[in-house]
Amino acid sequence: MSEVKKFMYLNRRAPYGTIYAWESLEVVLIGAAFDQQVSLMFVDDGVYQLVKGSKPADIEMKNFTPTYRTLGDYGVRHMFVDKASLEARGLTQDDLIEVEWEDWETEEEVDNIVEVIDADKVVELLDESDVVFSF
Amino acid sequence: MKLAVQVNEGPYQHQASDSAYMFTKAALEKGHEVFRVFFYHDGVNNGTRMTTPPQDDRHVVNRWVELAEKYDLDLVICVAAAQRRGIVDEGEAERNGKDGTNIADKFRISGLGQLIEAAIQCDRTVVFGD
């Protein structure tokens, strides 16, 4: 398995209320072992997955927002957020968590891999992906 | 073409499993290779042999089993999703101290790595879900 593919995890749903967001994260975490080129995309209610300050303990749910912050260590290089979805919900990038990334070999560092992009870019990125997992 | 299929929803509640079955069957009949069918989220409920639909309805679970028997299909249920939802084979029953199993013949329980591996190996990964 020497071939490297572009994997895109398309997250479309709110973090709590259904299990899709959490089980999508589980695939990302396990998938890290395969050394593929991995990006995440957040659209529609999926943008809520990155909103700061969730307190799901009140509904007896484990808070998994901290897990997103570690994704840089799991080989995730890009976390794209659809601008229109964000704006439709009255949110801006300031409402979202930041995720650091570092290449341990080259010591290249990125302070925040969470990037807000417009619809044309969303389409372009999905189009150039080899595998799109839609959750 | 070499295909991977992912099923994300349970039987009867949602059409995803029906559509995935029909797609898989059609692909096999056309001579394509289906490397693996991976059941995730509530899709794991497609693999319990306890399912008993009314006699005049389609049997979603048995349809998968029959397709697997005919084409030697690899039907894989995600272990993490299965544990949450109570889909149990002998190994899982032993590990987790359960008093029985409910997995259907021809299905097997394994890890998410099987999904990633299938996506890497196949020309297309086709996801059926909501």
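The values are calculated or read from the model by the stated rules, or taken from the named source; none is laboratory data. A quick note: this is a predicted structure, and the numbers were derived from the prediction, not measured. Every residue, glycine among them, receives a Cβ derived from its backbone with ideal geometry; neighbour counts consider all protein chains shown. Calculation scope for accessible area: heavy atoms of the full protein, side chains included, ligands and nucleic acids excluded. Shrake-Rupley method; radii C 1.70, N 1.55, O 1.52, S 1.80 Å.
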- prompt: What residue among B:PHE35, B:ALA104, B:LEU67 has its Cα farthest toward the positive end of the dipole of chain B, where the charges are +1 on Lys, Arg and -1 on Asp, Glu, each on the Cβ?
  reply: B:PHE35
field: DSSP bridge pairs, chain B: antiparallel proportion in percent, nearest 5
entry: 5 percent
- prompt: With Cβ to Cβ distances under 11 Å as the rule, what net charge do the other residues near A:LEU29 carry (K, R +1; D, E -1)?
  reply: -3
- prompt: Restricting to lysine pairs 8 or more places apart or on different chains, what number in the range B:2-128 have Cα atoms under 22 Å apart?
  reply: 9
Nonlocal amide H pairs with A:ARG77, under 5 Å, H built at 1.01 Å: A:VAL38
Net +/- balance of residues flanking B:ALA81 in space, Cβ distance below 9 Å, scoring K and R +1, D and E -1: -1
message: Output wanted: per-residue J couplings in Hz (rounded whole) for the range B:14-31, from phi through Karplus 6.51 cos²θ - 1.76 cosθ + 1.60, θ = phi - 60°, x for Gly and Pro.
response: 9, 6, 3, 5, 4, 5, 4, 4, 5, 4, 4, 4, 5, 4, 5, 5, 7, x
- prompt: Once label points are set 7 Å from the Cα along Cα→Cβ at both A:GLU60 and B:GLU66, what is their separation, rounded to one decimal in nm?
  reply: 4.1 nm
- line: If every Lys and Arg gets +1 and every Asp and Glu gets -1 at its Cβ, then about the Cα centre the protein assembly as shown yields a dipole, in debye to the nearest 20, of 1100 debye
message: Counting pairwise Cα distances across the range B:2-128, what percent come out greater than 23 angstrom?
response: 26 percent
- line: Restricted to the protein assembly as shown, the DSSP antiparallel beta bridge percent, nearest 5, is 10 percent
- prompt: If one takes the accessible area of chain B alone plus chain A alone and subtracts that of the pair, with a 1.4 Å probe, what total in Å², rounded to the nearest 100, results?
  reply: 1800 Å²
Cβ-derived FRET efficiency at R0 35 Å, A:VAL51 paired with B:ALA26, nearest 0.05: 0.25
- request: Enumerate the amide H contacts of B:VAL127 below 5 Å, restricted to partners 5 or more residues apart or on another chain; note that Pro and chain-start residues carry no placed amide H.
  value: B:GLN6
- prompt: Ignoring ligands, DNA and RNA, what percent of the accessible area of the protein assembly as shown is carbon or sulfur (1.4 Å)?
  reply: 45 percent
message: Can you tell me how the range A:6-134 classifies by the Cα gyration tensor, rounded, prolate or oblate, using a/c under 1.5 as the rounded cut?
response: rounded
task: Please give the calculated 222 nm ellipticity per residue for chain A, where each DSSP H segment of at least 4 residues contributes -39500 (n - 2.57) and the sum is spread over every residue; nearest 500 deg cm²/dmol?
output: -6500 deg cm²/dmol
- prompt: Taking amide H positions as placed 1.01 Å from N in the peptide plane, with prolines and chain starts having none, which residues 5 or more places from B:ARG49, or on another chain, fall under 5 Å of its amide H?
  reply: B:ILE103, B:ALA104
field: Residue-normalised accessible area of the range B:2-128, expressed per residue, 1.4 Å probe, Å²
entry: 47 Å²
message: At 1.4 Å probe radius, can you tell me the per residue accessible area of chain A in Å²?
response: 53 Å²
message: List the GluC sites (Glu not before Pro) within the range A:1-96 that DSSP assigns to loop and that have no more than 10 neighbouring Cβ atoms inside 10 Å.
response: A:GLU3, A:GLU60
message: A drop of at least 50 square angstrom in accessible area, chain alone versus all protein chains together, probe 1.4 Å. Which residues of the range B:17-53 meet that?
response: B:TYR40, B:HIS41
Rounded to whole Hz, the Karplus (6.51, -1.76, 1.60) HN-Hα couplings of the range B:114-126, x for glycine and proline: 5, 6, 4, 4, 4, 5, 6, 6, 9, 5, 9, 10, 10
Integer Hz, Karplus 6.51/-1.76/1.60 couplings in order for the range A:90-97, x for Gly and Pro: x, 10, 10, 4, 4, 7, 9, 5
query: Straight-line reach from A:LYS121: which aspartates and glutamates have a Cα under 19 Å away, not including same-chain ones fewer than 8 places off?
result: A:ASP44, A:ASP45, A:ASP82, A:GLU87, A:ASP130
query: Under unit Cβ charges (Lys, Arg +1; Asp, Glu -1), what dipole magnitude, rounded to 20 debye, does the range A:59-105 have relative to its Cα centre?
result: 260 debye
- prompt: Rounded to the nearest 20 Debye, what is the dipole magnitude of the range B:85-130 about its Cα centre when Lys and Arg each give +1 and Asp and Glu each give -1 at the C-beta?
  reply: 80 debye
query: Which loop-located trypsin sites (Lys or Arg not before Pro) does the range A:67-104 contain, where loop means any DSSP state but H, G, I, E or B and the Cβ has at most 15 other Cβ atoms within 10 Å?
result: A:ARG89
query: In the range A:115-134, what residues drop by 50 Å² or more in accessible surface going from the chain by itself to the full protein assembly, probe 1.4 Å?
result: A:PHE133
Contact order normalised by residue count of chain A, Cα under 8 Å, 6+ apart, percent: 32 percent
field: Positive minus negative residues near B:ASP72 (Lys, Arg vs Asp, Glu; Cβ under 15 Å)
entry: 0
Trypsin sites (Lys or Arg not before Pro) restricted to DSSP loop in the range B:1-74 with at most 10 other C-beta within 10 Å: B:LYS30
